[in-house]
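The values are calculated or read from the model by the stated rules, or taken from the named source; none is laboratory data. Fair warning: this is a prediction, and the values are worked out from it, not measured in the lab. Glycine also receives a Cβ, built like all others from the backbone with ideal geometry; neighbour counts cover every protein chain displayed. For the accessible areas, the whole protein counts, side chains as well, though only heavy atoms, and no ligand, DNA or RNA atoms are used. Shrake-Rupley method; radii C 1.70, N 1.55, O 1.52, S 1.80 Å.
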There are 2 protein chains.
Amino acid sequence: MPHTAAVETEGRPIVTVDVALFTLLPEEGLAIVLGTRDRDPFAGRPALFGGFLRPGSDGSATDAAHRLLAEKAGLADVFVEQLMTFSGPDRDPRGWSVSIAYYALVPFGRLAEARPGLAVWPVGRMPPLAFDHDRIAAAALARLGGKASYSTLPAFLLPKTFTLPELKAVYEAVLGTALNDSAFRRKVMEMRILEEVPEKRGATAGVRRPAQLWRLAADRLVEFDRTV
Amino acid sequence: MPHTAAVETEGRPIVTVDVALFTLLPEEGLAIVLGTRDRDPFAGRPALFGGFLRPGSDGSATDAAHRLLAEKAGLADVFVEQLMTFSGPDRDPRGWSVSIAYYALVPFGRLAEARPGLAVWPVGRMPPLAFDHDRIAAAALARLGGKASYSTLPAFLLPKTFTLPELKAVYEAVLGTALNDSAFRRKVMEMRILEEVPEKRGATAGVRRPAQLWRLAADRLVEFDRTV
DNA sequence: GCAATAGTGTCTATCAGACAGTATTCG
DNA sequence: CGAATACTGTCTGATAGACACTATTGC
């Protein structure tokens, strides 16, 4: 007789996975990318990319997060990290529910390949979202801001190669504060988190000196023992 | 027909809450407090304090964590914080499962009021645990060590009132490294996280000067913008 | 050469670690 | 008074911020 006999099958909560996707707008800074609820509850409302966990086809909640980003945002190979899990009787009108929440970061340029119809809002003026997604988005933003200063997290909002002024700008956008230029360069160089790309970014429109291109030395998120 | 098939096609995963409880042993430092599985799977094996989430009676997963600590460890009013959520088809032999994991901290003295029969193991030599609880315990330890240096977290391993040498010792135990005495005192004082208790701890056994007693100024966890 | 941005060098203030020195208790 | 631990003061080295300075491009 299998162990499963003892498993309680009544009274299990709804289990969903919800992903708060962020990008960096060239002008307006950090922004959230949202889908639209296509059915009740909250039909028509902007929402995180979410859906039911599918035991059987999903290998883990993280797999589900990637699947949902592919299905609902049209994006594959995006940086995803677990945020935390929200739960309770009232957060979903369909019943007692658990949401395993994730945040994800995508470079602005990659939105061209995303599903059409996504909404992008600067994080300062987000619309009201479905369910308790406002709360999840706020928690994701807080985590982003907290983790940015001691990790390579903000770099995942940039394309694979980037210049130091671009890297500094994205740290400033996520941290919400200006950084000292020479100190930033010094620390980033001392921490050896970057690899030089043998190429420079030529002057774009205006008149300026082209900047050295770099890429992350490690493909994964790296945490520092100090601050940028 | 095996029950597992029904479980997985039924569409909702098993949802449990598991709590890794830590304490501070007077001699051996940081230790984990474990229960014993009283039924299959893993009957007789040491395990975190865990059980099924109970929608209907639990108001949230955090409520469930407190309930499980009360039921299985006999402890109420313990510091509890969400760690992260583990999931997958193989982590529980009963089927595809989600575990919302928490860590909890209790002063050693309070174990006197706990349920008898709990096992306490220094974190350096933990036995093999049921399910994937080893992995959860390792993640909890990593989080503890990471968060200790910029928060009041370690203080929740001490009784309500404590001396500065005791506070320094618990930071050292959790961080696994020695701290500079005068720098520690300076920083703790500058951060104003402590309130003086108008009392001193008299010499216990040996010969020594009694130390000033303090308590946390805030009842909740406080995070710093620097390191201790 | 000028404008504009990229990148460097250096001074200084701040903060953490080292450690000597003082304080307070018990026996 | 000596031993032991609690606590303080001060020196020094490391690090971050400020900011002036140099470098490299387009026009």
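Computed from the Cβ-Cβ distance with R0 of 41 Å, the FRET efficiency linking B:Ala218 to A:Arg209 stands at 0.25.
Find out how many positive minus negative residues lie around B:Pro210, taking Lys and Arg as positive, Asp and Glu as negative, among other residues whose Cβ is under 11 Å from that of B:Pro210. Here the count lands on +3. Database remark: amide H of A:Phe49 closer than 5 angstrom to the amide H of A:Val19, A:Leu21, A:Gly35 (H placed geometrically; neighbours at sequence offset of 5 or more, or on other chains; Pro and chain starts carry no H). Accessible area per residue for chain A, computed on protein heavy atoms with a 1.4 Å probe, is 48 Å².
What number results when the radius of gyration of the protein assembly as shown, computed over Cα atoms, is divided by 2.2 N^0.38 Å?
1.09
To the nearest 10, the accessible area of A:Phe184 is 0 Å² with a 1.4 Å probe.
A full extension of the chain between B:Arg54 and B:Arg115 corresponds to an added length of 19.7 nm, given 0.36 nm per residue minus the alpha carbon distance.
Under 15 Å from the Cβ of A:Leu194, count the other residues' Cβ atoms, weight Lys and Arg +1, Asp and Glu -1, and hand me the total.
Working: positive: A:Lys160, A:Lys168, A:Arg185, A:Arg186, A:Lys187, A:Arg192, A:Lys200, A:Arg201, A:Arg215, A:Arg220; negative: A:Glu166, A:Glu190, A:Glu195, A:Glu196, A:Glu199, A:Asp219.
Local charge sum for A:Leu194: +4.
Which semi-axes, in whole Å and largest first, does the equivalent ellipsoid of segment B:124-228 have when worked out from the alpha carbon gyration tensor as the square roots of 5 times its eigenvalues?
Gyration-tensor ellipsoid for segment B:124-228: 28, 17, 13 Å.
Sequence-ordered 3J(HN,Hα) estimates for segment A:177-194 from the Karplus curve with 6.51, -1.76 and 1.60 and θ = phi - 60° stand at 8, 6, 10, 6, 5, 6, 5, 4, 4, 4, 5, 4, 5, 5, 7, 6, 8, 10 Hz, glycine and proline given as x.
A:Ala43 label point (Cα plus 7 Å toward Cβ) to equivalent points in the other copies: 5.1 nm, shortest first. B:His66 sits with roughly 80 Å² accessible to a 1.4 Å probe, with DNA, RNA and ligands left out of the calculation.
Evaluate chain A: find the radius of gyration of its Cα atoms, find its Kirkwood radius, and give the ratio Rg to Rh.
On the way: Rg = 19.9 Å, Rh = 19.2 Å.
We get a ratio of 1.03 for chain A.
Neighbours of B:Val33 by Cβ distance under 11 Å: Lys/Arg scored +1, Asp/Glu scored -1, total +3. For chain B, the longest principal axis of the alpha carbon atoms and the long axis of helix B:164-175 meet at an angle near 40°. So what's the angle, to the nearest 10 degrees on a 0 to 90 scale, between helix B:133-148 and the longest Cα principal axis of chain B? Helix B:133-148 and the main axis of chain B meet at about 30 degrees.
Between B and A, roughly 2600 Å² of accessible area is buried in total, ligands, DNA and RNA not counted and the probe set to 1.4 Å. A label point on B:Asp219, set 7 Å along the Cα-to-Cβ line, lies at 4.9 nm from each of its counterparts in the other copies, closest listed first. Normalising the average separation of contacting C-alpha pairs (under 8 angstrom, six or more residues apart) by the number of residues puts the relative contact order of chain B at 20 percent.
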